[in-house]
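Student: The structure's right below; bear with me while I get my questions together.
The values are calculated or read from the model by the stated rules, or taken from the named source; none is laboratory data. Owing to the predicted nature of the structure, the values given are computational and were not obtained by experimental measurement. In this analysis, Cβ positions are derived from the backbone assuming ideal geometry, glycine residues included, and neighbour counts consider all displayed protein chains.
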Amino acid sequence: MRRVVITGIGAISPNGIGRECFWAATRKGLSGVRRITRFDPSSFQVQVAGEIPDEFDEARWVNAKDRPHVSRCVPLAVASVTEALADAGLETGSMDRDRLRGIGVIVGSGGGSQDFTEEQYRLFYTGHQKQCSVYTIPTSTIGTLASEVSMRFGFRGLSHIVSTGCTSSTDALGYAYRHIQIGVLDTVIAGGVDAPIAPLILRGFQLMRIMSTRWNGAPDRASRPFSRDRDGFVLAEGAWFFVMEEMEKAKARGAHIYGELLGYASTCEAYHRVRLEECGEEPARAIGEALREAGIPPAAVDYINYHGTSTELNDRIETRAVKLAFDGHAYKLPGSSLKSLIGHPQGACGAAGVAATLLAMRDGVAPPTINVEEPDPECDLDYITDRGRRIQIEHAVANCIAFGSKNSALVLGRAL
């Protein structure tokens with residue numbers, strides 16, 4: 001099996017536009033959660049979200065003629081991929097057709113263009129049928145999102161969407177890893193994007209009673225993973241993409257290497273549409289299988305990036321799963337939940353966690369979990385609360401859990 005490395009990172013996040021802005025805010029524990037500005041949320045119980053800062057200019061990435069025909073995911077993804085390519089030193093404009101045929105795109109997204117589809121229904125049912133997009137069907141079809149990335153940069157390799165709920169981008173990175181590992185492709189642009197901040201989507205999540213409603217007056221305190229007074233997750237948007245390459249080819253072209261992807265595994269509890277099984281066995285098994293593929297014993301892991309949604313159920317059961325996967329090492333294993341800082345960007349969350357983990361490896365600083373204000377006796381591990389911590393990370397696990405009983409984990413290694 002060939003070895004797979006990450007040579008470029010792009011990030012468009014609620015707490016920072018661009019990789020280094022995202023990371024500077026993350027390592028300092030600065031929240032990107034705020035009152036919703038995309039529409040008037042005053043009639044909703046939930047009025048906060050992890051929105052991308054206002055200075056993000058969609059027109060820079062999608063022209064005015066095309067913007068009514070695509071979802072918000074498109075400018076977010078294009079901006080993130082552009083940054084990742086530049087970071088990796090890949091100039092697509094100078095590539096010939098054969099080179100472009102060797103670059104694939106795998107996008108992880110839970111909702112894809114649901115915000116766009118919601119707007120088309122709004123126009124139709126409010127008497128504005130003539131304003132509906134001629135591309136209502138292709139844009140609403142989730143697979144077209146990957147095509148938007150491929151068309152923008154001219155990539156002619158496979159162009160696929162992975163949509164497995166919250167594990168979507170973790171699985172997208174896992175599938176990219178497999179394609180490079182077995183020699184199908186040398187280079188894959190992979191990551192995650194979601195843009196679910198829209199009225200009907202918010203209403204749907206609100207009906208499930210799994211979102212935070214108590215912190216509308218203090219948005220930066222709303223996402224509270226592992227704190228006993230947590231009352232649900234915070235919806236968020238964002239895009240995090242990577243250039244993934246076969247290691248020897250990356251080295252041959254002198255690319256900077258952030259880290260190596262060493263293992264990937266995914267399991268299903270086959271239990272419930274939205275609930276997790278109390279025992280935590282299947283998320284633990286996903287972590288264990290990923291570690292076995294990596295050839296890394298549990299005690300050699302220096303950091304874990306938690307899924308850490310801030311729901312009562314997830315945080316408690318994920319803690320239990322980590323104890324099962326790492327045994328006694330769990331209590332010595334520092335980790336953090338990025339969602340305390342950015343909210344929950346749905347299918348893009350796994351890629352966000354991988355970006356934070358790779359940058360933590362680079363700088364030797366693990367980011368904090370903020371808002372853990374009341375200790376929960378059932379969440380009793382080291383969540384690096386309040387402020388970041390100096391730590392050398394050689395091996396890390398990025399964990400994800402999704403609706404539909406899905407669990408996925410990646411093992412990352414420090415660049416050699």
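Student: Determine which single condition Leu333 fails, assuming it passes every other condition in (1) at pLDDT 95 or above; (2) farther than 18 Å from Pro297 by Cβ; (3) over 15 Å from the mean Cα position of the chain (by Cα).
Tutor: That leaves (2) as the condition not met.
Student: Identify, from the list Ile197, Ile180, the residue that is more than 30 Å from Pro368 (Cβ to Cβ) and not in a strand (DSSP E or B).
Tutor: Details: Ile197 fails: more than 30 Å from Pro368 (Cβ to Cβ).
Criteria check complete, one pass: Ile180.
Student: For Gly263, indicate whether it is part of a helix (DSSP H, G or I) and not hydroxyl-bearing (Ser, Thr, Tyr). Outline the logic, then answer.
Tutor: Numbers: part of a helix (DSSP H, G or I): no; not hydroxyl-bearing (Ser, Thr, Tyr): yes.
Against the criterion (part of a helix (DSSP H, G or I) and not hydroxyl-bearing (Ser, Thr, Tyr)), Gly263 does not qualify.
Student: Would you be able to say whether some residue in the stretch 216-237 is out of contact with any helix residue (DSSP H, G or I) (no Cβ under 9 Å at 6 or more places or on another chain), surrounded by fewer than 19 Cβ atoms within 10 Å (Cβ to Cβ), part of a loop (DSSP other than H, G, I, E, B) and polar (S, T, N, Q)?
Tutor: yes
Student: Which of the residues that make up the stretch 102-134 are within 21 Å of Gly191 (Cβ to Cβ) and not small (Gly, Ala, Ser)? It would help to see each step written out before you state the result.
Tutor: Looking only at the stretch 102-134, we keep the residues that are within 21 Å of Gly191 (Cβ to Cβ), and these are 102-116.
Within the stretch 102-134, Ile103, Val105, Ile106, Val107, Gln114, Asp115, Phe116 meet the criteria.
Student: Cβ-Cβ under 6 Å, sequence separation 6+ or interchain: first residue in the stretch 180-195 and closer than 17 Å to Asp98 by Cβ, partner of a type in the set (Asp, Glu). Which pairs?
Tutor: Pairs that qualify, where the first residue is closer than 17 Å to Asp98 by Cβ and the partner is of a type in the set (Asp, Glu), are Asp186/Glu246; Thr187/Glu245.
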